[in-house]
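Report on one structure; see the data block that follows.
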Amino acid sequence: MRVTLTVNGSEQSADDVWPGESLLYVLRERLGLPGAKNACEQGECGSCTVYLDGEPVCSCLVAAGQAQGRDVVTVEGLASEDRMHPVQEAFVETGAVQCGFCTPGLVVAAHDLLARTERPSDLEIREALAGNLCRCTGYEKILDAVRLAAERTAGTR
Ligand code: FES
Ligand code: FES
């Protein structure tokens, strides 16, 4: 089947999509967007998180056909043409990226949190990122990154 959807603001189509294929597979393998990562493929780790119609979802659990006609934003789509998003910059600056496998999902989850909550408490940050697993960092640098991004984005909405 053909699936047509909007990805990062542009209409995109993929042909010969198998009915069991995931949105994650379509994004990575058919549309050339490797940002969302395939780690567990079971909805457990959050590394494949993207926005679907403005809501963060695990794209490994969304059938590609379910995304037909809908709006997807990936971690690539958060940056502007010449600059990373402040959340992305904060992850780099605080050293919250080690192997980087978890990073795209964490960035999308943190972006969503800061869009909803301008100055989140540590508890709110931990809750918002609870579905995103990281095996490298011990999470402290990730918390630092979200705190820094919150400081920088507060008052900019
Ligand atoms: S790859 Fe989707 S939740 Fe782990
Ligand atoms: S940086 Fe390696 S899993 Fe998080």
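Bear in mind these aren't lab numbers, they're just calculated from the coordinates by the rules spelled out. Just so you know, these numbers come straight off a predicted model, no measurement behind them. When we count neighbours, we look across all protein chains shown, and the Cβ atoms used for this are built from the backbone with ideal geometry, even at glycine.
Note down, for segment 50-107, the three equivalent ellipsoid semi-axes (square root of 5 times each alpha carbon gyration tensor eigenvalue), biggest first, whole angstrom.
24, 14, 7
Hey, what angle do you get for helix 103-116 against the long axis of the chain, alpha-carbon based, 0 to 90 degrees rounded to 10?
70
Once each part is reduced to its C-alpha centroid, what is the distance from segment 110-157 to segment 1-73 in angstrom?
Cα centres, segment 110-157 to segment 1-73: 24 Å.
With Kirkwood's inverse mean 1/r over C-alpha pairs for Rh, give me the Rg to Rh ratio of segment 77-157, two decimals please.
Using Cα coordinates only, the ratio equals 0.93.
Report the charge-dipole magnitude of segment 16-100 in Debye, nearest 20, computed about the Cα centre from +1 at each Lys and Arg Cβ and -1 at each Asp and Glu Cβ.
Dipole of segment 16-100, to the nearest 20 debye: 120 debye.
Evaluate the charge dipole of the chain about its Cα centre and quote only its size in Debye, nearest 20, assuming +1 on the Cβ of each Lys and Arg and -1 on the Cβ of each Asp and Glu.
Here the chain has a charge dipole of around 160 debye.
Sorted by mean Cβ packing within 10 Å, highest first, what order do the peptides 4-15, 32-43 take?
With the highest mean Cβ count within 10 Å placed first, the list reads 32-43, 4-15.
Per 10 Å bin, what is the whole-percent P(r) computed from every C-alpha pair distance within the chain?
12, 42, 33, 13, 1
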